[in-house]
Amino acid sequence: MREFGKILIANRGEVALRIIRACREMDIRTVAVFSEADRDCLHTRMADEAICVGPPASAGSYLNVANIISAALITGANAIHPGYGFLAENAGFARACEDSGITFIGPRPDSIDRMGDKAVAKQTMAAAGVPTVPGSDGAVASEEEARRFADAVGYPVLIKASAGGGGRGMRVATDASNLASSFHAARAEAAVAFGDDTVYLEKYLTRPRHIEFQVLADSHGNAIHLFERDCSVQRRHQKLIEESPSPALTDEQRRVMGDAALLAVHAVGYVNAGTVEFLLDEDGSFYFMEMNTRVQVEHPVTEAVTGVDIIKEQIRVASGAPLRHPSQSEIVQRGHAIEFRINAEDPANKFRPHPGRIEVFSVPGGLGVRVDSHVYSGYTVPPNYDSLLAKLIVWGETRYEAINRARRALDEFIVVGIPTTIPFHQAVIENEFFQRGEYYTDFVDKHIYHESA
């Protein structure tokens, strides 16, 4: 085992704070990095040390591998936690850490490579016996090749960037008339977002649910899952609300999908925390979608229902320690949890991002309420980064209690100065389809967005 005396967090905002808090509880010192736009961000004040790594633009700061590695070496940090986003799924960064004698708190670079290329990941999963959506045999390089695939499997088809995530580089072609425009738009967006215009195609499921399984694996051969999260409430492939357990799964479906998630873990020799994502069709069939080789924004949902601190497990595993709970039988779901992403966006104006100064920021509390945030009254939200302000996580013994607790907590959540997604979340929990758990990935467009637009 390797003892971590000091960990550098190669990220910002609420996830940086989340990691700092875990490290404090483990008696590990922390180093925060920040851009010139984030000098007043709360993570810079909470860490034991803070160092500027570049200008406001991510490319010169949070994505600047040389500057971040230098910051770790200068401060004597012997491990780096990447959080999520930025360099979290960058195999080159993980290798640069290794080459510098710094432990990367995440999976091995080869696992990131194999799962980061979604076309390769799909081939790997199919070979391991994990169900996959009918799709192209690897990358699709031309419009003609895309048309042949679509004609063979039938419309609609999904054109998807091989690199990256977050809903970028994705387009749905509903018929032959818009295949060409969708294909070229997906490639162009992927090139801008990820520096890689490679795309692949797969059959598009019209009304699926998005179900993901949190997995943990150590270097001693132990692998477990922490059950599922339902992430079907989303807009333009961006998740907005997540809950666990999924109201759509039976116990048998949960068992079978969990086993498939662990098949995926073993297929790539995965170590550390990750998420195996599936699409659940209306007929009960499920298909592998992708694997995220990092901690997820919505990981607190799983922590709430299992009691497992995922960030601490990441750190322990990276140090060479075994999982604290190496047997699947030790992991039990208890109660129900829901997470709401509070973004600096205006839901009445097509969710337009809205940076600016927050005059008042007052968060809810009480039993079963957790708020992860880097925001405070007087804080100015910069325009350079993701619009996430906070995550509200509620827990109840039942889904009914969790929804009622969410209603109360959202009413208590006060943000003055800029618009947020709080009114959107309030509309969702009052919707009869959400309350009954009868929702799919088209839920926002069908029941919320068009009604309030």
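The values are calculated or read from the model by the stated rules, or taken from the named source; none is laboratory data. Here the structure is a predicted model, which means the values were calculated and not measured. Neighbour counts are summed over all protein chains in view; Cβ atoms, including those assigned to glycine, are modelled from backbone coordinates with ideal geometry.
Tell me, yes or no, whether the range 117-126 has at least one residue that is of a type in the set (K, R), at negative phi and at pLDDT below 95.
The first filter runs over the range 117-126 and keeps only residues of a type in the set (K, R), leaving 118, 122.
Those still in the list that are at negative phi too: 118, 122.
Then keep just the ones that are at pLDDT below 95; that gives 118, 122.
Scanning the range 117-126, I find at least one residue that is of a type in the set (K, R), at negative phi and at pLDDT below 95, so the answer is yes.
The condition (being in the same structural domain as L240 (by TED's automatic domain parsing), at pLDDT below 95, of a type outside the set (V, I, T) and assigned to a loop (DSSP other than H, G, I, E, B)) is satisfied by just one residue among E290, E282: E282. Apart from one condition, A193 fits all of (1) aliphatic (A, V, I, L, M); (2) crowded, with 21+ Cβ neighbours inside 10 Å; (3) within 20 Å of the chain's Cα centre (by Cα); the exception is (2). Identify, please: which residue in the range 199-222 is hydrophobic (A, V, I, L, M, F, W, C) and under 20 Å from the mean Cα position of the chain (by Cα) and is, among those, farthest from P107 (Cα to Cα)? Only one residue tops the list, namely I211.
Here the range 127-143 is the region considered, the condition is being of a type in the set (A, V, I, L, M, F, W, C) and assigned to a loop (DSSP other than H, G, I, E, B), and the residue that is modelled with the highest pLDDT is V130.
Among the residues that make up the range 439-451, is at least one of them farther than 29 Å from M289 by Cα, surrounded by 14 or more Cβ atoms within 10 Å (Cβ to Cβ) and among the polar types (S, T, N, Q)? Among the residues of the range 439-451, not one is farther than 29 Å from M289 by Cα, surrounded by 14 or more Cβ atoms within 10 Å (Cβ to Cβ) and among the polar types (S, T, N, Q), which makes the answer no.
Picking from V130, V120, which residue would you name as being in contact (Cβ under 8 Å) with a residue 60 or more places away in the chain and either surrounded by 16 or more Cβ atoms within 10 Å (Cβ to Cβ) or hydrophobic (A, V, I, L, M, F, W, C) (or both)? Walk me through how you get there before you give the answer.
Details: V120 fails: in contact (Cβ under 8 Å) with a residue 60 or more places away in the chain.
Answer to the selection: V130.
Return the residues of the range 329-368 that are under 24 Å from the mean Cα position of the chain (by Cα), assigned to a loop (DSSP other than H, G, I, E, B) and of a type outside the set (K, R); say none if nothing qualifies. Spell out how you get there, then give the answer.
Going through the range 329-368, the residues under 24 Å from the mean Cα position of the chain (by Cα) turn out to be 331-347, 350-355, 363-364, 368.
Remaining after also requiring assigned to a loop (DSSP other than H, G, I, E, B): 331-335, 344, 350-351, 354-355, 363-364, 368.
Residues satisfying the conditions are I331, V332, Q333, G335, A344, F351, H354, P355, V363, P364, G368.
Matching residues to (1) under 27 Å from A402 (Cα atoms); (2) out of contact with any Lys or Arg (no Cβ under 8 Å at 6 or more places or on another chain); (3) of a type in the set (S, T, N, Q); (4) buried (at least 21 other Cβ atoms within 10 Å of the Cβ):
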site: A261; (1), (2), (3), (4): yes, yes, no, yes
site: A264; (1), (2), (3), (4): no, yes, no, yes
site: A267; (1), (2), (3), (4): no, yes, no, no
site: F278; (1), (2), (3), (4): yes, yes, no, yes
site: Y287; (1), (2), (3), (4): no, yes, no, yes
site: Q314; (1), (2), (3), (4): no, yes, yes, yes
site: H325; (1), (2), (3), (4): yes, yes, no, no
site: N349; (1), (2), (3), (4): no, yes, yes, no
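Answer with yes or no whether G83 is modelled with pLDDT of 90 or more and at positive phi. When the stated conditions are applied, G83 passes them. When V271, V301, V363 are checked against the criterion of being surrounded by 24 or more Cβ atoms within 10 Å (Cβ to Cβ), touching a strand residue (DSSP E or B) at 6+ places or on another chain (Cβ under 6 Å) and either in contact (Cβ under 8 Å) with a residue 12 or more places away in the chain or under 26 Å from E252 (Cα atoms) (or both), a single residue qualifies: V301.
Residue by residue, here is whether (1) part of a helix (DSSP H, G or I); (2) within 25 Å of R324 (Cα to Cα) holds:
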residue: S182; (1), (2): yes, no
residue: A188; (1), (2): yes, no
residue: A191; (1), (2): yes, no
residue: Y200; (1), (2): no, no
residue: R207; (1), (2): no, no
residue: S219; (1), (2): no, yes
residue: H225; (1), (2): no, yes
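Any residue in the range 168-183 that is farther than 21 Å from N90 by Cβ, assigned by TED's automatic domain parsing to the domain that holds E438 and over 16 Å from the mean Cα position of the chain (by Cα)?
No: the range 168-183 contains no residue that is farther than 21 Å from N90 by Cβ, assigned by TED's automatic domain parsing to the domain that holds E438 and over 16 Å from the mean Cα position of the chain (by Cα).
Evaluated against (1) buried (at least 21 other Cβ atoms within 10 Å of the Cβ); (2) touching a Phe, Trp or Tyr at 6+ places or on another chain (Cβ under 7 Å); (3) under 30 Å from A348 (Cβ atoms), D230 falls short on exactly one condition, (2). A single member of A22, A72 is touching a helix residue (DSSP H, G or I) at 6+ places or on another chain (Cβ under 9 Å), touching a residue at least 40 places away in the same chain (Cβ under 8 Å) and under 21 Å from D218 (Cβ atoms), and it is A22.
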